[in-house]
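J.: One structure coming up, written as structure tokens, with questions to follow.
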Amino acid sequence: MSVAESRNGPLRVGLCYDRFGDAPRPPGAPPDWDAEYEPEETVAALEAALRRLGHEPVRLGNAAAVLARMPDLGVDAAVNIAESYGSRNREAHVPVLLELAGVPCVGSDALSLSVSLDKHLTKTVVAAAGVGVPPGGVVPLGADAGALVEAAGLAFPLMAKPRYEGTAKGITPSSRCETSDGLVAEVARQHALYGQDVVVEAFVDGAEWTVGVVGTGDGARALPALQRAVEPRSGIGVHALPGDPDYVIGGALTPELEERLGDAALAAHRALECRDFSRSDFRVAADGVPVFIEINPLPTFAPDGTFAILAELDGQPYDAFLADVLGAALDRALADSARLGAEAGGGGPPANDR
């Protein structure tokens, strides 16, 4: 019997999310400020999965909505996919509120989310775990990009991207830089739009792959790798580019490569202490060695996203696939909460008697 099943009755499970249209554009925000927010269909998919598990979903909404309901959120646990807005700690806003309210949280905690949103810190942690990363460095806000290239001995082409944003934010075809002048212009563009440091790193030519991971710690497992299309001229993944660009697909997924990709995704997930789910992106050049690009511990659960594609490939209804992921995650969150409560002498949160 699972932890959730052993409790008295079905759980009230909060859903924390940022949905398109729920908040006005903040003053001075870049055009893609809400690029990682979710459509209504994502929230509905999570609700369907929770109902399949026998639980009652409760829409809590974004960080501002959660804050307005503090301290009593009226839920036994919560699933967090909220991106929030405003700082390099934005993805930590909701997990911190849930922690303060004593609500067990499905998904990574505040520390893991803040570290993984910082592309430079993420690469440092993942590289220390033995996963290959592209060489590069950071151009602080207002600093000279050319000085970094010279100091680090970087060779063109180079990729420039905002330090504290998600996979697609800030990326255009000009983000791949072929010359010093192009790099200086691109870094200046990103500095002006996003008001933050810019990461500059070697551009890895080759096929692009994404690998989902579910579970936590030693119990985590890698899902099948999926190839991503790239734009033929820039070589940038089309998922990160605005509009509907042309694309090409290259490279073959051999059993050996899939094992390497899965091992690298698991290493990144564990090194960053992600919980319950994540998705990592890799480039594979001619030598066949996966190079880590980014991780997203708040991957989309949209019905046309990576996890939905994996459910289809597995022959499962999407609500059943998500129910498996969320059911295991709820068990982990409730068990952790009970353990921490017992260690503190409180015995954990009370069983649901609503």
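The values are calculated or read from the model by the stated rules, or taken from the named source; none is laboratory data. These numbers come from a predicted model, not from an experiment. Virtual Cβ from ideal backbone geometry, glycine too; neighbours counted across all protein chains shown. Just the protein is used for accessible areas: all its heavy atoms, side chains included, with ligands, DNA and RNA removed. Shrake-Rupley method; radii C 1.70, N 1.55, O 1.52, S 1.80 Å.
J.: Roughly what % of Cα-Cα distances in region 232-354 sit above 24 Å, to the whole percent?
T.: 47 percent
J.: Hey, another quick one. Out of the trypsin sites (Lys or Arg not before Pro) in region 200-254, which ones are loop residues according to DSSP with at most 12 other C-beta atoms within 10 Å?
T.: Qualifying residues, ordered by number: 233.
J.: Report the Stokes-Einstein translational diffusion coefficient (µm² s⁻¹, integer) for region 205-297, Rh taken as the Kirkwood radius over Cα pairs, at 10 °C with viscosity 1.306 mPa s.
T.: D, rounded to a whole number, is 118 µm²/s.
J.: Percent antiparallel among DSSP beta bridges with both residues in the chain, to the nearest 5?
T.: Of all bridge pairs located within the chain, approximately 75 percent are antiparallel.
J.: Could you work out what % of the accessible surface of region 78-215 is carbon and sulfur, using a 1.4 angstrom probe and leaving DNA, RNA and ligands out of the count?
T.: Ligands and nucleic acids excluded, carbon and sulfur give 59 percent.
J.: Cα extents of the chain along the three principal axes, largest first, in whole Å?
T.: Here the spans come out as 64, 48, 39 Å, largest first.
J.: Further, regarding this structure: How many angstrom lie between the Cα centre of region 286-334 and the Cα centre of region 79-106?
T.: So the two Cα centres are separated by 20 Å.
J.: Also, I was wondering about something else. What size of dipole, in debye to the nearest 20, comes out for the chain about its Cα centre when the only charges are +1 on Lys and Arg C-beta atoms and -1 on Asp and Glu C-beta atoms?
T.: About 580 debye.
J.: Now, a different point. Specify, per residue and in Å³, the volume enclosed by the convex hull of the alpha carbon atoms belonging to region 135-202.
T.: Once divided by residue count, the hull of region 135-202 is 71 Å³.
J.: Kindly state, to the nearest 0.05, the FRET efficiency for residue 172 paired with residue 221, given R0 = 41 Å and r defined as their beta-carbon distance.
T.: 0.70
J.: Given region 90-129, report the % of alpha carbon pairs whose separation exceeds 11 Å.
T.: 62 percent
J.: Can you work out the base-10 log of I(q)/I(0) for region 1-134 at q = 0.20 1/Å, using the Debye formula on its C-alpha atoms alone?
T.: -1.18
J.: Here's a follow-up. Which whole-number percent gives the relative contact order of region 66-214, counting Cα pairs below 8 Å spaced six or more residues apart?
T.: Answer for region 66-214 is 21 percent.
J.: Can you give me the distance in nm between label points at residue 259 and residue 302, each placed 7 Å from the Cα along the Cα-to-Cβ direction?
T.: 3.5 nm
J.: To continue, here is another question. Between residue 249 and residue 44, what is the FRET efficiency for a Förster distance of 30 Å, r being their Cβ-Cβ separation, to the nearest 0.05?
T.: After rounding to 0.05, the efficiency reads 0.45.
J.: Could you compute the FRET efficiency for residue 120 and residue 205, with r as their C-beta to C-beta distance and R0 at 22 Å, rounded to 0.05?
T.: 0.50
J.: Can you give me the relative contact order of the chain as a percent, contacts being Cα pairs under 8 Å and 6 or more apart?
T.: The normalised contact order for the chain reaches 20 percent.
J.: Okay, next question. GNM on the chain, C-alpha springs below 10 Å: top fluctuator among 162, 26, 134?
T.: With Cα springs under 10 Å in the chain, the top fluctuation among 162, 26, 134 is at 26.
J.: I would also like to ask the following. Provide the three semi-axes, in whole Å and in decreasing order, of the ellipsoid equivalent to region 100-216 as defined by the square roots of 5 times the Cα gyration tensor eigenvalues.
T.: They are 28, 17, 13 Å, listed largest first.
J.: Let me ask something additional. Taking the simple approach of a point 7 Å from Cα along Cα-to-Cβ for both residue 152 and residue 312, what is their distance in nm?
T.: The two pseudo-label positions are separated by 3.7 nm.
J.: So what is the accessible area of the chain per residue, in Å², with the probe set to 1.4 Å?
T.: So the chain comes to 43 Å² accessible per residue, rounded to a whole number.
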